[in-house]
There are 2 protein chains.
Amino acid sequence: MQEVIEYLEKNKEKHIEELKKFLHIPSVSTDSSHKEDVTKAAEFVSNYLTEAGFQTVELQKTKGHPLVYAEWMDAGEDKPTVLFYGHYDVQPPDPLDQWKSDPFQAEIRDERIYARGASDDKGQVFMHLVVLKAFLQTTGSLPINVKVCIEGEEEIGSANLYDILHQQQEKFSADFAVISDSGMVAKDQPTILYGLKGFTGLEFTLKGPDNDLHSGLYGGAIKNPAMAMAQLLATMKDEQEVVQVAHFYDQVEPLTSEERQLIKEAPSEDYRESTGAIETVSEKGYTAKEHTMARPTLEINGLYSGYQGEGTKTIIPSTATAKLTCRLVPGQDPVQIQEFLVKHIEKHLPQGVELTIKREPLSAKAYKVDPNHQLITKAAESFAETFDKEAVYVRMGGSIPVVEWIDAIYNIPVVLLGFGTPDDRLHSPNESFPMAHFEKGMKTIVHYWEAVKNTKL
Amino acid sequence: MQEVIEYLEKNKEKHIEELKKFLHIPSVSTDSSHKEDVTKAAEFVSNYLTEAGFQTVELQKTKGHPLVYAEWMDAGEDKPTVLFYGHYDVQPPDPLDQWKSDPFQAEIRDERIYARGASDDKGQVFMHLVVLKAFLQTTGSLPINVKVCIEGEEEIGSANLYDILHQQQEKFSADFAVISDSGMVAKDQPTILYGLKGFTGLEFTLKGPDNDLHSGLYGGAIKNPAMAMAQLLATMKDEQEVVQVAHFYDQVEPLTSEERQLIKEAPSEDYRESTGAIETVSEKGYTAKEHTMARPTLEINGLYSGYQGEGTKTIIPSTATAKLTCRLVPGQDPVQIQEFLVKHIEKHLPQGVELTIKREPLSAKAYKVDPNHQLITKAAESFAETFDKEAVYVRMGGSIPVVEWIDAIYNIPVVLLGFGTPDDRLHSPNESFPMAHFEKGMKTIVHYWEAVKNTKL
């Protein structure tokens, strides 16, 4: 292991130059004018893996952007096989005028590297590529068998990944998976993310009259769809933030006292300070931290009806629309929850309006790994070794669909080795990543592969 | 009177040509590129009144478009004085491509004249101008004393009229007012409009976090302003359409059984058929017709929060905004009602959001004239005489601010002699006015001036 660490130190400058080249490719997957750039980024990854010494490197065509698959399977049959997942595509850089430096001309200042993708996810993917190369270049082998899956469509919903994972099940099968596409709760604070929420949603429209009406001539005879919408939405949550949809909580795995303790100990931001809200709220019987990390939520993401311009327009709107999503916890089935929402809306539909429901086709179950699983405790040890600080354990309210897919298709543990920080400004102007986390992060990965090589799974 | 009627019949073609000239002037008051055209229309009116034989004709300058004032006061001191109000400005013709003929090249087809302003209000103003001229040209005098006030800013909120009516109170003072800027419930169905609703409103915003937030990372800790808005709005009306704002109904003049009978007898559209709503609603204890015509209403005119694009965006919106207006009935004070709304919103404000209220500065009291007032019964008689059909009595949910201003400043009855029809398409493409209503309408006005000349007020 020592020679790998030395190799990383010796080639530090060279790796930064390579990373910059990777970040210079504007692989914006949502923008068709960048289609060639997206492919270039895929080629960067596949070339890197070939040069590193991987036996099999494929640039798989999809209906959208290519997927890089690679494998090195010579660690031996007694060694575990990991499936490493990441993505090389990035969010659009807009609004461009808010960037202090070119989003595709990585710039290092104040010990951070600024570029679109620096943290999400090119930077973190690159750390793994370098470590794999370092092992192969110095020791001629890897501590474990490695399968690599780096897609180019994460920022546009991973449209083709589920099918690929499903259809090439044997090829991608592994003993566990590792993903580095998340973050720590603070810089230099190793964080074990052992749970993610699931997700479901729908949008619905209430239609009153065919067109907006004169509120004087018709007000009183025609149900106002905006009022109908307000009345209906108000039935979905009480004032103590408890969801009122029947059966919503039925399958929720109760929080154990051990979990509540972990959540209590987990550092977290001051929600009021970081959001600017005048006060925090939370579900009756739970702290705000428990609610965000480990209890299901229902949120209105969008709501619109009638006139939105300046001043007054005295109309009865023709329609009102609401977009809802839920974040789910282990035990809840997203398709079932969606159905409970539909039933609730139908049951509480006010008189005088017509209902149309559009079910969100994407959904995900919540993911949780046992925080005492050896793959997790070894990750915590590797972090502690390299960051010189004990890891904290957190669950998160966000959803990463690929985690649930891997869980659903392969039924293997997924380890989320996140190296980002809360200041990385993912999806926003001036995305960045701390230079120190590159170094410590790569060392952590080296330690981790060594630590898990004798794990029996 | 007979010679006046004969004059009208003899000069019919000439009057239509004159009307067309009036309609050809694109006096769009909201469009500054039409400023000169608006003045041209004012000059058309003042020239017409001068040629008719009016003693005093003024083109009064305002901060906006000019106002035409004229008077003929030789009917004698024992005769009543009427203030006739109308407006010569028109709505923009957009969308132009939906017009079957040029909006400013009046075209007669199917016994209707098509042009912007044909009904609202140039056509109806012109009928009065012709009748006044007909009297003066044939009999050399008018049956009553007449003051004329034709403004050019009605379609942009009559910004300067209130001040003019207030400042030149003596000049504009009269025994009663007549306005022809409304319509009948059906073609050839004389209609006495004896009540209008008042109006007040406000808009308010609930702010949660400073920016839209990731619903996974913050959902559960931060109050969703869209949900707060729904919960708050739902407290304002119950499911039987009864407004729940404290004191909202306190000052409402109860409907008499005579009024309920009048409303029952008044013809009305089939609300379901004309609006496309699946069913009608109405305030508990009142029919939909009673509610629209004579009971106060509260409507949400606009509602918006968060994401409105296609698909899903998993955010907690930063803010939610609602625009509300009320239509008021006699007894209710609009400023007081606005204050009741503010108090209700403040009282029911959910935890975790900040409130900003923007009070709508415009307001109007409801207007109602006694349907048995002799000025009203004489109008009904004049209608019956010329349309050969008994007039029906209606109250309307709309508001005409000038009616309330005349009532408030001069405390005189306002007679609404409306000749429009429900098919006139005011403010829309292909505005028109039935040719038959010109003839019968002008005869009605002749009859009316004769009928009221000996009224003691």
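The values are calculated or read from the model by the stated rules, or taken from the named source; none is laboratory data. Given the structure is predicted, the values throughout are model-derived calculations rather than measurements. Note that each Cβ is placed from the backbone with ideal geometry, even for glycine, and that neighbours are counted across all protein chains shown.
Considering segment B:366-392 alone, what residues qualify as being more than 14 Å from chain A (Cβ to nearest Cβ), of a type outside the set (Asp, Glu), part of a loop (DSSP other than H, G, I, E, B) and in contact with a strand residue (DSSP E or B) (Cβ under 9 Å, 6 or more places away or on another chain)? Result: B:Val369, B:Pro371, B:His373, B:Lys389, B:Ala391. Among the residues of segment A:131-147, some residue qualifies, meaning at least one is among the aromatic types (Phe, Trp, Tyr), more than 15 Å from the chain's Cα centre (by Cα) and farther than 30 Å from A:Ser428 by Cα.
Among the residues examined, A:Glu269 qualifies as outside any helix (DSSP H, G or I) and not assigned by TED's automatic domain parsing to the domain that holds A:Asp238. Give the residue that is farthest from B:Gln231 (Cα to Cα), with candidates limited to residues of segment B:198-216 that are small (Gly, Ala, Ser) and within 8 Å of chain A (Cβ to nearest Cβ). For segment B:198-216, the residue satisfying everything is B:Gly216. Per this entry, B:Val335 is counted among residues that are within 30 Å of B:Gln167 (Cβ to Cβ), surrounded by fewer than 20 Cβ atoms within 10 Å (Cβ to Cβ), away from chain A (no Cβ under 13 Å) and not hydroxyl-bearing (Ser, Thr, Tyr). Taking segment A:303-317 only, how many residues are over 20 Å from B:Glu310 (Cα atoms), at the interface with chain B (Cβ under 7 Å from one of its Cβ atoms) and out of contact with any Ser or Thr (no Cβ under 7 Å at 6 or more places or on another chain)? Summing the residues that are over 20 Å from B:Glu310 (Cα atoms), at the interface with chain B (Cβ under 7 Å from one of its Cβ atoms) and out of contact with any Ser or Thr (no Cβ under 7 Å at 6 or more places or on another chain) in segment A:303-317 gives 1.
Yes/no matrix, rows are residues, columns are (1) assigned to a helix (DSSP H, G or I); (2) surrounded by fewer than 15 Cβ atoms within 10 Å (Cβ to Cβ); (3) outside the structural domain of A:Val131 (by TED's automatic domain parsing); (4) among the polar types (S, T, N, Q):
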residue	(1), (2), (3), (4)
A:Thr50	yes, yes, no, yes
A:Gly76	no, yes, no, no
A:Pro92	no, no, no, no
A:Asp97	yes, yes, no, no
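Can A:Tyr218 be described as under 35 Å from the mean Cα position of the chain (by Cα) and on the phi < 0 side of the Ramachandran plot? The answer is no for A:Tyr218.
Number of residues in segment A:217-228 that are at the interface with chain B (Cβ under 7 Å from one of its Cβ atoms) and in contact with a strand residue (DSSP E or B) (Cβ under 8 Å, 6 or more places away or on another chain) equals 8. Would you be able to say whether some residue in segment A:185-197 is within 14 Å of chain B (Cβ to nearest Cβ) and in a loop (DSSP other than H, G, I, E, B)? Yes, because at least one residue in segment A:185-197 is within 14 Å of chain B (Cβ to nearest Cβ) and in a loop (DSSP other than H, G, I, E, B). Residues that are aliphatic (A, V, I, L, M) and within 13 Å of chain B (Cβ to nearest Cβ) were ranked within segment A:256-284; the one that is farthest from A:Lys368 (Cα to Cα) is A:Ile278. Against the test of being of a type in the set (Phe, Trp, Tyr) and either over 22 Å from B:Glu151 (Cα atoms) or not in a loop (DSSP other than H, G, I, E, B) (or both), the options B:Phe84, B:Phe54 yield a single qualifying residue, B:Phe84.
The combined condition, being surrounded by fewer than 18 Cβ atoms within 10 Å (Cβ to Cβ), touching a Pro at 6+ places or on another chain (Cβ under 9 Å) and farther than 28 Å from B:Gly157 by Cβ, is not fulfilled by B:Glu439. Filtered by the rule that a residue be exposed (fewer than 14 other Cβ atoms within 10 Å of the Cβ) and under 23 Å from B:Pro93 (Cβ atoms), segment B:1-34 gives B:Glu17, B:Lys21, B:Ser32, B:Ser33. Taken across segment B:107-123, residues that are under 29 Å from B:Asp74 (Cα atoms), out of contact with any Pro (no Cβ under 8 Å at 6 or more places or on another chain) and hydrophobic (A, V, I, L, M, F, W, C) do not occur at all.
Restricting segment B:102-124 to residues that are hydrophobic (A, V, I, L, M, F, W, C) and buried (at least 24 other Cβ atoms within 10 Å of the Cβ), the residue that is nearest to B:Lys440 (Cα to Cα) is B:Ala118.
Looking at A:Phe44, is it in a helix (DSSP H, G or I) and in contact (Cβ under 8 Å) with a residue 24 or more places away in the chain? Yes: the conditions hold for A:Phe44. Candidates in segment A:285-302 are the residues that are in contact (Cβ under 8 Å) with a residue 40 or more places away in the chain and under 16 Å from A:Ser257 (Cα atoms); of these, the one that is nearest to the other protein chains (Cβ to nearest Cβ) is A:His291.
Here is a yes/no grid of residues against (1) of a type in the set (Gly, Ala, Ser); (2) in the same structural domain as A:Lys440 (by TED's automatic domain parsing); (3) in a loop (DSSP other than H, G, I, E, B):
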| site | (1), (2), (3) |
| --- | --- |
| A:Gln105 | no, yes, yes |
| A:Met127 | no, yes, no |
| A:Leu136 | no, yes, no |
| A:Val146 | no, yes, no |
| A:Ile150 | no, yes, no |
| A:Ala159 | yes, yes, yes |
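On the stretch given as segment A:55-68, residues that are surrounded by fewer than 23 Cβ atoms within 10 Å (Cβ to Cβ) and in contact with a Phe, Trp or Tyr (Cβ under 9 Å, 6 or more places away or on another chain) total 6. Under the condition of being surrounded by 20 or more Cβ atoms within 10 Å (Cβ to Cβ) and either within 7 Å of chain B (Cβ to nearest Cβ) or over 21 Å from A:Leu202 (Cβ atoms) (or both), the residues counted in segment A:318-332 number 4.
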